[in-house]
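The structure appears right after this line, and notes come after that.
The values are calculated or read from the model by the stated rules, or taken from the named source; none is laboratory data. All of these numbers come straight from a predicted model, not from anything done at the bench. Every residue, glycine among them, receives a Cβ derived from its backbone with ideal geometry; neighbour counts consider all protein chains shown. These accessible areas exclude ligands, DNA and RNA; they are computed on the full protein's heavy atoms, side chains included. Shrake-Rupley method; radii C 1.70, N 1.55, O 1.52, S 1.80 Å.
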Amino acid sequence: ITRGSETIVVAGMENQGKKVKHQRGDIAKTLEGAPQGLFTIMLEHDPWAWRNIIEPDSLADITLAGHTHGGQMSLCGLRPTMLTEANDYGLYHKGTAYLNVSCGTGGLVPFRLGMSPELVVITLHSAKKK
């Protein structure tokens, strides 16, 4: 996406997660042809890929994920996914890389308790030039 002199790369990788039966994600193929050094937004279903593939090699500035649905329940701020996932819900960062894990609007079963469906709005600002 180009606006004026600013360009953002938006890339989406096939689901690559620790519990995926058939791993289909290919980060090299996903970023093939994308110029290096540009601000990159990565769309990836499972936040596992951010910790294990995307962030270690600084392949994206921000990764947007879901997968956990925030456990579909939260009691006093505690979610079942907190026990099984290192990044189960919310905004995380390491160095200059960010991960946002949304609980989304759907789920495995049509049931939620204390974990409302959400749509996330992220506003990006251009870096000020000196």
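Results, tabulated for the structure shown:
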{"read-out": "Some residue of the stretch 100-113 being of a type in the set (D, E, K, R), open to solvent by 90 Å² or more (accessible area, probe 1.4 Å) and modelled with pLDDT of 70 or more", "value": "no"}
{"read-out": "Residues that are assigned to a loop (DSSP other than H, G, I, E, B) and buried (at least 22 other Cβ atoms within 10 Å of the Cβ), drawn from the stretch 37-54", "value": "Glu44, Asp46, Pro47"}
{"read-out": "Residue in the stretch 55-72 that is least open to solvent (accessible area, probe 1.4 Å), counting only those that are farther than 16 Å from Lys94 by Cβ and not β-branched (Val, Ile, Thr)", "value": "Gly70"}
